[in-house]
Structures are given as structure tokens and as C-alpha cells.
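Right, one structure below, let's go through it.
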Amino acid sequence: MTIYQNLIAGEWVGSDATENINPSNTKEVVGLYANGSATDTKAAIAAAKAAFPAWSRSGIWERHVILKKAGDEIMARKDELGALLAREEGKTLPEAIGETIRASQIFEFFAGEALRLAGEIIPSVRPNIGVEITRDPLGVIGIITPWNFPIAIPAWKIAPALCYGNTVVFKPAELVPGCSWAIVDILHRAGLPKGVLNLVMGKGSVVGQAMLDSPDLAGITFTGSTGTGKRVAVASLEHNRKFQLEMGGKNPMVVLDDADLTVAVEAAANSGFFSTGQRCTASSRLIVTEGIHDKFVAALTEKLKTLVVDDAMKPTTHIGPVVDERQLKTDTDYIEIGKKEGAKLAFGGELVTRETPGFYLQPTLFTEATNQMRISREEIFGPVVSLIRVKDYDEALATANDTPFGLSAGIATTSLKHATHFKRNVEAGMVMVNLPTAGVDFHVPFGGRKGSSYGPREQGKYAAEFYTTVKTSYTLA
Ligand code: NDP
């Protein structure tokens, strides 16, 4: 079997490899991917450092052309790359193709941003002096990504890093190296100079840690768990380096008495269970007012009965497998915790067997949960949702905000007054009205507050806040 190698200083290297396993069929090896070492990581950082002076001064047209080519190739290969994504991560094929299209759109967006780089010229408060405000690239950016969006998250970090003139060392999650390898290959062939983008696949504890320990990374952008995020923060402070963290969520979706029941059920089913609940923006807490509670539980349960859990590649599948055995154990452990805590298992909770050996779990709904239970406070990151009954809107808002997280929040209501109040007062980086909490545009800011995020927002033109540093120049006329 071919080994998909690491890209260091423009060369494909590495003979030690790890199997990439399909969670829908654990007998299937998707591919063999290089298992990088700390030495490889240091070499990649050195290569990115050497490439930085030239790339930081490269023309904006060169950057535009390379990013555009990458976006175009990803779009042209969306079905093939989507299938690779579905096979390595377990998202259904339509979800995986949708994510691939989004990655392409992100490259197209930043191809455009490269042509829109601008500064400001403003008068000085002193006579005969001009002031210019410009944005410089940071230097070498370390990119560390999680397994749940194997192509979109790498795209939304790599594209702005390169657009603004930085060089990159990129470490994808060990579970899903396939899509990362593919986009690095595409960018390499699109004409990136040697060393501008380096790929080091391998373990977080080895490759990731070597990145954290390096004094030569000017910035690290990280998406993943809160625990690893804290390590990134501490190590970055040690090296006086800029860092950006996108971490967990326990996103609330409030359903009010006046909600359109169909809209509310569709939004809750989508954001609670699609992509196997493995989205940082998933609504894992449904907060439902008394008047609609029973109707909503009955309708959502009916909906869950129709959702087919099966191989991600089958056209009839709505929910693919859990990503791996470790995550499946986390999910089933939390299901036991929920039962012990006294929540009512209203639907699911069982493993299911399919034609192929995979990590198949029913969508699981707990009702009569309280916001104090562990299943309502801790991120599970699986298809397991707590439903909390509340008296009225005020209690719903207070419950929504009573969490250490603050990524996304939703409300299902036909009341303009409550929708407006919720948008203003919910403590989250993103708010959805009558929409799932997951599912966002690629050209506007993405991120949260409280324990979910740290540092500037990602995506859209707001990405410049992280990937550049502002310079103010004064000139005597
Ligand atoms: P992890 O924190 O386990 O891993 C994230 C990345 O960090 C992986 O590439 C991992 O490598 C790497 N890593 C692990 N240990 C270290 C280390 N010591 N030093 C440096 N890097 C390390 O998260 P998961 O991959 O399990 O992702 C799931 C989490 O991501 C969830 O909590 C979810 O909410 C969050 N997430 C947040 C998003 C957001 O935007 N807010 C979006 C998507 C996910 P490896 O896996 O190879 O060991």
C-alpha cells in the first residue's frame, strides 16, 4: 500500500506509517499515513522559517492564483474528496461533500482577500508627518486541527495563513489524515514555494508537543478539546507567542411555547444528531418551555425513529458511525451516567449492529434532565442530547447561559420580542433563530466566548486579526 508522506521543505518524506481506519467498517484501511517524529517537526519548522522572508514579500497576485487554483481543484474533486472524508471520519456522504464544498469556498474567499489587502493612511496630529497603518504577517504559524471537520477546519486555517503572507507547519488529527494530505498535495501542486506549507502528520503528544515547545512559531491556531487547548495556551505564553483556541461547546437550543413545532423539531434533530453529534456547534442541550414540552418530545421522538444509523457511504444513511472506539466509549459512559443521574432515557442509548463492523450508536435523547447533571454540563461530543424542561422564557435564557461554554446558541420561537432579546442576551459567539445551532457561513466570523474560545475570531475578513500584526509607521513629509 502507498504511504502518504509528510511534506517538509517541499519534499515528501517519511516511511513510518499509521493505518487510517474506516469507522463504518473497521476492517477497511483507508490508507497508510506517515507518522511524524519530533525531529520531522523541527525540520518542518526550520523550513517554514527559511521560507518566510520570501513568502511574506510575495505578490498578492501569486497568492491569489495559488489559493484560487486550490479552491477550484477541491470543488472539481468534491465527490472523490467527500467520499474520502466520509470513509475516514464517518460523516454521511452528503455531509462530507458539503464540507468539501465549504473548504473550496474558503480557499476562493481568501484568494479574493489576498487582492483586497489594504492599509490606512491618516493624518498625524503633528504637522508635516504622515501616518500609515499596515498589517504584517506574523511569521511561522502552527496549525493543529481536530478530527471532526477533516477538510473544512484545515482549510479555514491554512487559507488565511497563506493569504496574509505567513508560512505554515500543519499537524492534522491522527485519526483523519487523508483529507489533510489531499489539500496539502493540491496546494503544493498549485505552485507554493518550498517550505511555505509543511505537513507533519503524527501523534499530538509527539508532533503537536514539538510544535508547542518550539520558540520559532510566531503563532499557533488550535481547534480541539479544552484540555489540549489549555496546554497550547500555557506553552504559548512561555514563548510569548500569539495563540487562538476554538474548543468545546454545550450549545443550548431553546424551544418556546410559541415555536413552530416542525421548525423546532427539524432544527433540534439536525443540530443534535446529524454528523453523529460530533460538531462543536451541536445542540446538546434542548431547553423547552412547559406549554410545548410534551408535544415537542413526542414529535422529536417520532423524528428520531425515522433516522437511519448505518455506513456513512450508504445513500439511505442519516447518521454515520461514531469516529472511533474511544469516542464510542465516552458516549456510552455518558449514557450510563445520565441514567444514574436520574434523567429519563426517552430514545436510543443502544449500540446497533450493521453489515460491516463499525461504531454504530443510536441517537440518544434524555428527557427530564436538569442543567446540573453532568450530561448537561460536560461536552460529550456524540449523538447524546439532554432535554431540560423550564417554566418560561426567562428561565430558558438563564439555563442557556448557565454553562462554562459559549460557542453557539439557538432559539425556536415566532416571537420577535423573544428572538430579539435572546440575540442580545445569550452568552454565545453565534446565535441562531429558528435554525440549527450548527451550520454556518464561510465568509463571516466563527467562534465563541467563555470556555469555548480564546483570541480573535476565525473566518471571513475577521481572520486577519489573528494572522497579521498591525504596524504604525510615521514619515516626516
Ligand atoms: P484533541 O484536543 O484531542 O485534539 C485536537 C488536536 O490536538 C489533534 O490534532 C491532536 O492530535 C492534538 N494534540 C493532542 N495532544 C496534543 C499536545 N500535547 N500538544 C499539541 N497538540 C496535541 O481534540 P479532538 O481531536 O478530540 O477534537 C474534539 C474536540 O474539538 C471537541 O472538544 C470539540 O468541541 C472541539 N472542536 C471545537 C471546534 C470549535 O471551533 N470550537 C470545532 C471542532 C471541534 P492527535 O489527535 O493526533 O493526538
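Read-outs throughout are calculated quantities, based only on the coordinates presented, and are distinct from any laboratory measurement. Note that the coordinates shown come from a computational prediction; the quantities given were computed from them, not determined experimentally. So basically every Cβ, Gly included, is an ideal-geometry build from the backbone, and we count neighbours across all protein chains shown.
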For the chain, averaging the sequence separation of alpha carbon pairs under 8 Å that lie six or more residues apart and dividing by its residue count, the contact order in percent is 18
Protection proxy (average C-beta count within 10 Å per residue), highest first, orders 26-33, 77-84, 348-355, 254-261 as 254-261, 77-84, 26-33, 348-355
Placing each pseudo-label 7 Å from Cα in the direction of the beta carbon, Lys340 and Ala54 end up separated by a distance in nanometres of 5.9
Over the Cα atoms of segment 251-433 the radius of gyration and the largest Cα-Cα distance (Dmax), both in Å, equal 15.6, 50
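Rounded to a whole number, what is D in µm²/s for segment 292-355 from Stokes-Einstein with the Kirkwood radius over alpha-carbon pairs (25 °C, 0.890 mPa s)?
Stokes-Einstein gives a translational diffusion coefficient of 180 µm²/s.
Which order do the peptides 337-346, 4-13 take when ranked by the mean count of other beta-carbon atoms within 10 Å per residue, highest first? Walk me through the numbers before you get to the answer.
Details: 337-346: 16.1, 4-13: 20.0.
Highest to lowest by the protection proxy: 4-13, 337-346.
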Summing -39500 (n - 2.57) over every DSSP H run of at least 4 residues in the chain and dividing by its residue count gives a helix-only mean residue ellipticity at 222 nm, to the nearest 500 deg cm²/dmol, of -12500 deg cm²/dmol
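What ranking of Arg102, Arg449, Arg285 emerges when the number of other C-beta atoms within 10 Å of each C-beta is taken as an exposure proxy, fewest first?
Numbers: Arg102 19, Arg449 14, Arg285 28.
Arranged by neighbour count, lowest to highest, Arg102, Arg449, Arg285 become Arg449, Arg102, Arg285.
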From fewest to most C-beta neighbours within 10 Å, the residues His188, His421 line up as His421, His188
XL table Lys295/Lys339; Lys314/Lys391; Lys250/Lys391; Lys305/Lys461; Lys157/Lys450; Cα-Cα > 30 Å flagged, in table order, is Lys314/Lys391; Lys305/Lys461
Expressed as a whole-number percentage, the relative contact order of segment 260-336 with C-alpha contacts under 8 angstrom and at least six residues apart is 26
Simple spin-label estimate for Tyr474/Glu238, 7 Å along Cα→Cβ, in nm, reads 3.8
Note, segment 395-408: 3J(HN,Hα) by Karplus (6.51, -1.76, 1.60, θ = phi - 60°), whole Hz, Gly/Pro = x, goes 5, 4, 5, 4, 5, 4, 7, 7, 7, x, 9, x, 8, 10
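Taking the beta-carbon count within 10 Å as an exposure proxy, list Ile133, Ile74, Ile121 from fewest neighbours to most.
Working: Ile133 13, Ile74 26, Ile121 10.
Least crowded to most crowded, the residues run Ile121, Ile133, Ile74.
Can you tell me which of 125-131, 158-164 comes out highest on packing, and rank the rest after it, using the mean Cβ neighbours within 10 Å?
Values: 125-131: 10.1, 158-164: 27.6.
So the peptides 125-131, 158-164, ranked by packing, come out 158-164, 125-131.
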So for the chain, using the alpha carbon gyration tensor with a ≥ b ≥ c as root eigenvalues (a/c under 1.5 gives rounded; past that, a/b versus b/c decides prolate or oblate), I'd call it oblate
